[in-house]
Amino acid sequence: MATDELSSKLSRRLLIEEGAEEAVAVDGQEQENGSEEKSTTANADSELGAKLMRRGELNEGQGEHCQPSTKVFNPYTEFKEFSRKQIKDMEKLFKTYDAGKDNYIDLMELKLMMEKLEAPQTHLGLKNMIKEVDEDLDNKLSFREFLLIFRKAAAGELAEDSGLGVLARLSEIDVSTEGVKGAKTFFEAKVQAINESSRFEAEIRQEQEVKKKQAEDQKQRRAAFKELQSAFK
């Protein structure tokens, strides 16, 4: 079979050389291949030219460098409602259950955490817990998202019987050493801190009003003194 095919090809080549047959198909294929090669080369040249032009613009200050965001998460400035000790306690709790030491609590680590807290959850329940605070949709909890649990709990945004509500309640942050006047749990301390913050703001407003009244009294005394001076001239 292979011998017959080879013989046929040799016979055809002899006919082409003798001019008895035109090599249309072969020439057409070669032209097509040449056209494809030229097109590929043109595309490569165009892409290279665009890159060189972009680099030239950047060097001349005409273009802008697109750099990834370098914003660093600072829990102390973003979660100002918590004391430094509370945040450190939450970070310690977070790291305790971050078994992979990758700065995330994944589904299995959350499962272990809830079991340790004696409040085991179903697989669906665990997924819903993560979903409720998973802002970047990576199906795991970062430390910032972990802090969001306690922020939501303090704001009363979590149902008491929800997975996250149970987690926050069983992971009470003891702030009794913070001097919060007898507060023994995170929630009691939060309510008391809000009350004290409101009182503090009221005191500031009162001080500002007193200073304003003193400034007005001083202005009136100066005006009265000037009138008295003008009367003796």
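The values are calculated or read from the model by the stated rules, or taken from the named source; none is laboratory data. These numbers come from a predicted model, not from an experiment. Positions of Cβ are generated from backbone atoms using ideal geometry, with glycine treated the same way; all protein chains shown enter the neighbour counts. In case anyone asks, the SASA skips ligands and DNA or RNA and just uses the protein heavy atoms, side chains included. Shrake-Rupley method; radii C 1.70, N 1.55, O 1.52, S 1.80 Å.
Here are the numbers:
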{"item": "Exceeding the 30 Å Cα-Cα cut-off - candidates 80/219; 88/127; 92/131; 116/152; 85/212; 152/211", "result": "80/219; 85/212; 152/211"}
{"item": "Amide proton proximity set for residue 141, modelled H, under 5 Å, gap of 5+", "result": "105, 106"}
{"item": "Carbon/sulfur fraction of accessible area - region 120-167, other protein chains in place, 1.4 Å, %", "result": "50"}
{"item": "Rounded to the nearest 20 debye, dipole of region 95-151 from Cβ charges on Lys, Arg, Asp, Glu", "result": "140"}
